[in-house]
Structure formats: C-alpha cells, structure tokens
Amino acid sequence: MLDPAAAGEVARVFGLGMRARLEGPVARGRRGQVWRLVTERGTFAVKALFGAPSRERAEADAAYQEHVRAAGVPMPAVLRATDGAVLAEVGGPHHPTLVRVYEWVDVLPPSRDLDPRKIGALLARVHGVQTPTIGPVDAWFREPVGVDTWAELVERLTAADAPFVRDLAAIVPQLVTLEQVFEVPEEVVTCHCDLWADNVRATPDGGLMLLDWESCGPESPSQELGMVIFEYGLGDPARMLDLYAAYLIADGPGRISRPGDLTMLAATSEHLAEEGCRRWLSATTPEDRDLVATWVDWLLHDPVTPATVDEMLDAVAGLGSRA
C-alpha cells in the first residue's frame, strides 16, 4: 500500500508543489484508500488503488466526471499527472502503488439523514447529464446471487462459526424470493452507480458533495433512483415521497413503478453481503474479519426484502408514470 515516504514523488508526478507530506489513510473503500496530501500549493486527496485497475477504464470515468462537473454537479475535480494521465505508479519497484489524485473537499461524516428534497433535486441534475455508454450493466447491479451460492456460503460460514450466520440463514429465503423479480434494464446511460451515504456528503456550508465516481458505468436512471430512495428514505414513506417528488420536479428522467425497478438496489445489497461473507472466510486477522463483517451486517440490519420493495412502491405510488 501507499508509503508516506512517497509524498514527494506523488506531488512531483502530479505537479502539486514542494514540501509534500502524506497523512492518513483518512478513508478506505472497496477500491482503495484515501490519503491527504499537503504541499505548499494546498491540500489534495490521493487515492491508493487496490489491485491493478484498467488505465482505459480510469480515463473513461475521469472524462465522465469532468463532463458532469462542468454541468454544475458539486464534486471534486479530477487532477491529472503532468503527462496528462489519470493514473500514476509511485513507490518504485519494491513498493509500486497505483494512485490517482483529486481536489480536496471538506465534508461532514456520512449520514443517511440528509434532506431528501436536496438529494432528489441533485440526483435529477446528475441524470440530466446523460452520456451514451458502451457495454451491458455490470452483473453486480443486475444478477442474483442465487439459492445455490447462498446455501454454499451459509454452510461454510456455519462450519467457521461466523457470528452473523444464523441471521443470514434466516433472511436468505426472502432474498431468493426477491431475486425472482430482477430485471435487466434495456435503455441505459452512464450513471454514478455508488450513491450510498459514504459518497453523498453534506458540506460545512450546508451543501452536498458527490464523491467517488470510479464505479460509474451503464445503468438505468430509474434503477439508480430506486437505490437512492431506499438509502435516504430511511423507511419513512414521507421522506421517500419527498425525494421522488423533488426528483420529478427537477425533471429527473427515472421512474419507479414496479418491483423490477429496484433490481439495482437489491442486487447491490446482496452482492456486497456476498463479498463480505467470502472475505470473512478468507480473512487472516480478527481486525480484517470485523471490517468485512460490517458489509454483511449492513444487509442484515436494514435488509432489502420483498416487504421492503412493497413499502417503497406504496410510498411513491401514482407519483410520476412511465412514458
């Protein structure tokens, strides 16, 4: 992972000035760790990436980010290396790390209890910047985990005495039932695809800031809208209705009217829990197990079930219709 001693190299490669120091990591996600880089020119966010992401993919998501930001969506600017590239390798042959750099923005801690009207209007603005996309919707957002995979995981977790396995086994039948209504959207554009509370932050001045666009890709605005209504609706019909109404008033193109419109929400929740289970089984330290167990707990404590879907559809029923 990123060595703090690489601060000067990161600053040099991205042309960010002298007297550099790295602080952190200040945040960690599925795709990498975020460090704070401080130089004579200011403060910047450096993401040290896990694995070896495609440079072509990084260039594509950066271009989309720049397009959306130019339309007035509040988000950090992508900063490029002096050679124009989005990604750069630092740390030398013994500690190579791929990094990318963003403008630093001050944000408040994650919270789902944000103003739903502000969220709805902002999502409509994002969806108003519709750009063509290539390729199918990622399996993470549309494919079921499946009864056989769930059975295999429950068996292995039981044998390993996972602390959450009984709760998971109890909810699996509901997850499998919900998987029967999953739909693959036919008309897609480029969407953010990761608008959970970690990435939609309030700012000290009362605004909102959208972070972490690196999962962007093909998706239906309706599917992303459904996921956002769940995340910030907090199970409250009034909040869900307020968010949806604000989205429609701001000319958002998505519509929610049937269970299949919530495929992205359900599939993403399940796949995150599935990955958490697999990483728990392969973890070698109690700290690592505790970290990935939170991914499973997230599903168990606020599950997306057939009842959840019915409640969401009831909350927004009649507000907006399909063209």
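Worth pointing out:
- Scope segment 194-250; condition of a type in the set (D, E, K, R) and within 16 Å of residue 261 (Cα to Cα); matching residues: 219, 224, 231
- Cβ pairs under 8 Å, 6+ apart, first in segment 195-208 and in a helix (DSSP H, G or I) and modelled with pLDDT of 95 or more, second hydroxyl-bearing (Ser, Thr, Tyr) and buried (at least 17 other Cβ atoms within 10 Å of the Cβ): 197/232
- Residue list for segment 87-108, restricted to those being free of Cβ contacts under 8 Å to residues at least 60 places away in the same chain and more than 22 Å from residue 16 (Cα to Cα): 93, 94
- Members of segment 236-274 found to be among the β-branched types (Val, Ile, Thr), surrounded by fewer than 24 Cβ atoms within 10 Å (Cβ to Cβ) and either within 30 Å of residue 292 (Cβ to Cβ) or at pLDDT below 95 (or both), listed by number: 268
- Filtered residues of segment 172-194 (kept if part of a helix (DSSP H, G or I) and buried (at least 16 other Cβ atoms within 10 Å of the Cβ)): 172, 175, 176, 178, 179
- Residue pairs meeting the criteria (Cβ under 9 Å; at least 6 apart or on separate chains; first without any contact (Cβ under 8 Å) to a residue 40 or more places away in the chain, in segment 67-86; second among the acidic types (Asp, Glu)): 77/66; 77/103; 78/61; 78/66; 78/103; 85/59; 86/59; 86/61
- Strands (runs of 3 or more DSSP E) within segment 5-119 that include 3 or more residues crowded, with 16+ Cβ neighbours inside 10 Å and either in contact with a Lys or Arg (Cβ under 6 Å, 6 or more places away or on another chain) or at pLDDT 95 or above (or both): 32-39, 42-49, 97-103
- The one condition in (1) within 25 Å of residue 111 (Cβ to Cβ); (2) under 17 Å from the mean Cα position of the chain (by Cα) that residue 312 fails to fulfil: (2)
- Residues of segment 283-318 that are among the hydroxyl-bearing types (Ser, Thr, Tyr), loosely packed, with under 15 Cβ neighbours inside 10 Å and assigned to a helix (DSSP H, G or I): 294 alone.
The values are calculated or read from the model by the stated rules, or taken from the named source; none is laboratory data. Computed from a prediction, not measured in an experiment: that's the story for all the values here. Using ideal geometry, Cβ is built from the backbone for each residue, glycine included, and neighbour counts are taken over all protein chains shown.
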